[in-house]
Amino acid sequence: MEHPLEEAGRSSRNIDPCVLVIFGATGDLTGRKLAPALYNLGREGMLPPNFACVGFARRGKSHRQFRDEIKEDVSTYSRTKPIEERFWDHFQEQFFYHQSDFDQDQGYKTLAALLNQLDAKFATRGNRVFYLSVQPKYFPIVIEKLKQHGLIYDVNETSNRWSRVIIEKPFGHDSASAAELQRHISHSLDESQIYRIDHYLGKETVQNLLVFRFANSIFESLWNYRHIDHVQITVAEEIGIGTRGHFFEEEGLLRDIVQNHMMQLLSLVAMEPPVNLSATAIRDEKVKVLQSIRPLTEAEFSHSAVRGQYGPGFINGQKVIGYREEQNVGPTSSVETYAALKLYIDNWRWAGVPFYLRGGKRLPKRGTEIAIIFKDAPGVLFQQRSQKNEPNVLAMRIQPDEGISMKINCKVPGPSSPIQPVKMDFRYGSYFGQTPPEAYERLIWDCILGDSTLFARSDEVAQSWEILTPILNYWSSQKNAPFPNYAAGSWGPQEANLMLGEGRSWRIL
Ligand code: BG6
């Protein structure tokens, strides 16, 4: 289908009626992201006119309590404030609660009955989105039960109704477990029914990467090994792990951020132009990038894959504790809260260009960007006596302060000719003057539309695990990691700086 990037604006025209069922509806994600996303979609007229939402979770509560709780969440977390009471009063009537364990047949039987009632009441025609915001161990169970109880339809059935499943990350824990999960769910679901969510793909600035690269003619001829010295991709966060100690002890930073978000950014920035804007064409090109990443050898692990863990330190002048002191974290934990990788993409376009990736918790500030660092101009005319000119840098700021900047060298006015780097800067906020929709709004909307372009396909996920699993294995074989090895509020461990080699340094965000 045509990708919505091609559509002139956001609208609910031609969107099928449906019921959205959220598994894990009392969890953090529903409150912080999903409920506000639904509210904003509804308020802007983006949801189908015939729509209902069912929260499925283990705790007992009434429809009324559920509605009141999500109202609180929407009031707190919505990007638009304050909540529009008149709209809410009407909208909340479309929300329902269903209490059950995730593995109990009875709960699915009663769910099926509720969904039939809602079809009759809201004319939702049997169309379903099931959103799995549950612990990964429940993914296969919920999917199997939905299938057993006839809630997931066969894609070949002749009626027009459809069922789709959104699966939250993490999709697997390594190559083997991701393959096992895929094998399991593919008994019940066709790939076209699976929407593996990576909320980074729903961010406006991430979608703009394709527009920036392929709707402008000036960059393409420079976008290769002849002109680019290296690429830096950074996902820096000020926050620590907060109350997610259990989760983080299982996952670590590489699985939490790199395997999904950062690999997606890497593939979008490095991919070839797709043959068209269909989900298949775009994802085909992204997979090719991942397939071309050169696996790290045993000898490279220690200097091309650096891990770190934060110790106590200061963030914005406030003292903060180290990772090992966080709630539900072991006092000798060797889980990484920082990772930096040096990867090469062995294809014609990128031969010999290092891609440096770094992500971390408790870094000095929040900032996600992709920076393209160009090769130096020949040093024959304007080379400066004391130091060389800075390279041109094209920085795509994903967040915050979304925008694109270009660093160029410029003559300082006056009779002498010192050269100084200056920045040409485009900022979404000041140019378009509006807050972009939240990633989850876009992704829920796309799923209802049946557009999987901004979701990860099984081969993308598998390929990303292929690259990272050997690194994870190597790290777990190296006991006694020298942790903590960076102070909260610093830019990570020293080894990560050495990784870049002479003449290159990480960008200061
Ligand atoms: C999530 C990770 O996927 O992304 C979190 O689990 C991380 O650890 C978050 O904080 C970052 O998302 P964003 O949109 O704030 O950059």
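Observations on the model:
- Set the Cα radius of gyration of the range 356-413 against 2.2 N^0.38 Å, with N its number of residues, and you get 1.45.
- Taken as Cα centroids, the range 279-300 and the range 74-89 sit 42 Å apart, rounded to the nearest whole angstrom.
- Within the accessible area of the chain (1.4 Å probe), percent carbon and sulfur: 51 percent
- Where trypsin sites (Lys or Arg not before Pro) fall in DSSP loop in the range 453-509, at most 12 other Cβ within 10 Å: LYS479
- For the range 107-213, the share of alpha carbon pairs falling in successive 5 Å distance bins from zero is 2, 11, 18, 20, 17, 13, 10, 6, 2, 0 percent.
- The range 285-387: trypsin sites (Lys or Arg not before Pro) falling in loop per DSSP and having at most 14 other Cβ within 10 Å: LYS365, ARG366, ARG385
- The C-alpha atoms of the chain define a longest principal axis, and helix 204-214 lies at about 60 degrees to it.
- Taking every DSSP beta bridge that has both ends in the chain, the antiparallel portion is near 60%.
- Ranked from largest, the principal axis spans of the Cα set of the range 143-193 equal 38, 17, 16 Å.
- For the range 89-160, applying the loop criterion from DSSP together with a ceiling of 11 other beta carbons within 10 Å to the GluC sites (Glu not before Pro) yields GLU157.
- For the chain, the solvent-accessible area with a 1.4 angstrom probe is 45 square angstrom per residue.
- Here, the range 196-326 has an Rg and a Dmax of 18.1, 52 Å when only alpha carbons are counted.
- Alpha carbon centroid spacing (whole Å) that separates the range 135-199 from the range 343-377: 33 Å
- Treating each Cα of the chain as one equal point scatterer and applying the Debye formula with no solvent, the log10 of I(q)/I(0) at q = 0.12 Å⁻¹ comes out as -1.20.
- In the chain, helices alone account for a calculated mean residue ellipticity at 222 nm of -9500 deg cm²/dmol, with every DSSP H run of four or more residues adding -39,500 (n - 2.57).
- Scattering profile of the range 34-100 at q = 0.12, 0.22 Å⁻¹ [log10 I(q)/I(0), Debye over alpha-carbon scatterers]: -0.28, -0.93
- Alpha-carbon gyration tensor eigenvalues x 5, square-rooted, for the range 398-463, Å: 41, 18, 7
- Filter on LYS81/LYS121; LYS137/LYS169; LYS121/LYS145; LYS137/LYS288; LYS375/LYS423 - keep pairs with C-alpha separation over 23 Å: LYS81/LYS121; LYS121/LYS145; LYS137/LYS288
- Shape summary: the range 1-130 maps onto an equivalent ellipsoid whose semi-axes, from the alpha-carbon gyration tensor, are 24, 19, 13 Å in decreasing order.
- Coordinate range along principal axes, alpha carbons of the range 406-509, Å, largest first: 60, 48, 27
- Range in the chain, longest, excluding exposed chymotrypsin sites (Phe, Trp or Tyr not before Pro) [loop by DSSP; at most 14 other beta-carbon atoms within 10 Å]: 1-218
The values are calculated or read from the model by the stated rules, or taken from the named source; none is laboratory data. Predicted model, so just to flag it, every value in this text is computed and none were measured. Methodologically, a virtual Cβ is constructed for each residue, glycine included, from the backbone with ideal geometry; neighbour enumeration extends over all protein chains shown. Only protein heavy atoms, including side chains, enter the accessible area calculation; ligands, DNA and RNA are left aside. Shrake-Rupley method; radii C 1.70, N 1.55, O 1.52, S 1.80 Å.
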